[in-house]
Amino acid sequence: MKTQILKPTKENITKAAKEIRLGNIVAFPTETVYGLGANALNKDAVEKIFKAKGRPSDNPLIVHIENINQLKQLAKQIPKKAIILTQKFWPGPLTIVLKKKSIVPDITTANKDTVGIRMPKNKIALKLIKESNCPIAAPSANSFSKPSPTLPYHVYEDLKNKLEIILDGKQCSIGVESTIIDLTKNPPLLLRPGKITIEQIEKTIGKIELHESILNPQKKVIDALAPGMKYKHYSPKAKVILYQELPKIIPKTDGIITYKTKLNKPNEIHFKNKQEYAKGIFKAFRDFDNKKIKTIHVKIVEEKGLGIGILNRIKKASTNKI
Ligand code: TXA
Ligand code: MG
């Protein structure tokens with residue numbers, strides 16, 4: 001099979017939707033990262049996702065929808081807090097975990113009785129789901145354990161010739177994966193921090209709890225509640241070292257990620273604010289790997305708002321303490 005990167009024209013979205021309806025897999029842009037999609041209700045199609053990514057079968061997929069009726073099609077119970085959150089943050093980078101209906105195949109949810117659901121904001125994603133006429137299960141379109149893809153060529157690097165079509169939506173605007181909240185728990189349990197912040201969620205539905213994997217991203221928390229969190233995601237091949245303050249002397253051949261203050265060093269990638277940081281962090285890791293850089297020195301962000309999500313990703317990518 002030869003992978004094509006296609007411009008998101010009307011004809012090409014129709015072509016991609018046809019692949020989804022045939023039970024094949026397609027990569028598409030969302031506002032967070034690129035997804036590798038298949039018909040969420042077709043178990044053979046979903047199996048192709050796990051195969052292409054080399055993803056462990058105990059890690060459930062997020063199901064993407066484009067209208068609220070699809071939520072009712074997938075979820076057994078829709079608690080009040082789910083309605084409030086979806087009204088406020090959908091379409092957008094928030095995934096809610098709810099009890100699933102039996103229509104959702106076990107492979108999609110890795111045998112769990114819950115399903116993660118999200119309505120993305122990206123127009124190409126929404127059109128693709130609509131034309132496919134089914135909810136689309138999609139993990140990030142990277143191969144297992146590589147950083148998530150935020151550009152079409154990242155998907156191509158990892159999954160070339162394992163899928164038919166990559167829809168080119170240029171660079172993802174947010175750059176870190178969606179915030180995930182489990183609403184089957186009381187109080188609701190945050191499983192993954194992201195662009196929709198803890199403060200924003202608590203303002204909307206009151207107190208929530210944070211999963212241990214968020215508080216301790218480097219610790220291996222083996223827990224069925226947040227299966228994805230136990231894998232060393234997001235990691236570049238290079239060694240990643242985190243700093244509150246970067247050291248004065250850094251070897252020229254090492255990579256540096258600077259934040260707020262630019263140093264004008266040889267292999268420096270600079271982010272001027274948190275938005276830029278989130279958008280560019282996975283690309284930076286991939287760029288350093290492509291340059292065969294062995295060590296990356298990273299200036300960390302403040303652990304507040306979107307900074308919690310960014311810090312969670314960079315801590316997972318590093319093996320060293322700050
Ligand atoms: O922004 C995103 O969420 C992107 C785009 C493509 O939408 N998707 C994404 O998918 O990041 P993935 O597969 O890379 O991460 C999904 C995470 C995993 O950590 C998985 O364990 C968790 O969501 N998850 C999915 N369904 C779940 C469930 N029923 N219960 C608990 N965790 C779940
Ligand atoms: Mg992923």
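The values are calculated or read from the model by the stated rules, or taken from the named source; none is laboratory data. Note that this is a predicted model, so its numbers are computed, not measured. Every residue, glycine as well, gets a Cβ built from its backbone with ideal geometry; the counts of neighbours run over all protein chains shown.
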When the range 140-157 is checked residue by residue, the ones that are within 12 Å of ligand 1 (Cβ to nearest atom) and either more than 20 Å from Val46 (Cα to Cα) or not aliphatic (A, V, I, L, M) (or both) are Ser140, Asn142, Ser143, Phe144, Ser145, Lys146, Pro147, Ser148, Pro149, Thr150
Within the range 142-167, can you find the residues that are buried (at least 19 other Cβ atoms within 10 Å of the Cβ), touching a Phe, Trp or Tyr at 6+ places or on another chain (Cβ under 9 Å), part of a loop (DSSP other than H, G, I, E, B) and not β-branched (Val, Ile, Thr)? Asn142, Lys146, Pro147, Ser148, Pro149, Leu151
So how many residues does the range 1-32 have that are in a loop (DSSP other than H, G, I, E, B), in contact with a helix residue (DSSP H, G or I) (Cβ under 7 Å, 6 or more places away or on another chain) and among the hydrophobic types (A, V, I, L, M, F, W, C)? 1
Assuming Asp58 fulfils every condition listed in (1) over 22 Å from Leu189 (Cβ atoms); (2) within 16 Å of ligand 2 (Cβ to nearest atom) apart from one, which condition is it? (1)
Could you check the range 87-126 and list, in sequence order, the residues that are assigned to a loop (DSSP other than H, G, I, E, B), more than 30 Å from Asn12 (Cα to Cα), more than 9 Å from ligand 1 (Cβ to nearest atom) and touching a Lys or Arg at 6+ places or on another chain (Cβ under 7 Å)? Lys101
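Take the range 54-83 and flag every residue that is within 18 Å of Arg192 (Cβ to Cβ) and in a helix (DSSP H, G or I).
Passing the criteria: Lys81, Ala82.
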In the range 30-49, anything in contact with an Asp or Glu (Cβ under 9 Å, 6 or more places away or on another chain) and more than 9 Å from ligand 1 (Cβ to nearest atom) is listed as Ala38, Lys43
Only one of Ala278, Ala284 is at pLDDT 95 or above, buried (at least 19 other Cβ atoms within 10 Å of the Cβ), small (Gly, Ala, Ser) and in contact with a helix residue (DSSP H, G or I) (Cβ under 8 Å, 6 or more places away or on another chain), namely Ala278
Looking at the range 50-58, is at least one residue within 15 Å of ligand 1 (Cβ to nearest atom), buried (at least 17 other Cβ atoms within 10 Å of the Cβ) and of a type in the set (D, E, K, R)? yes
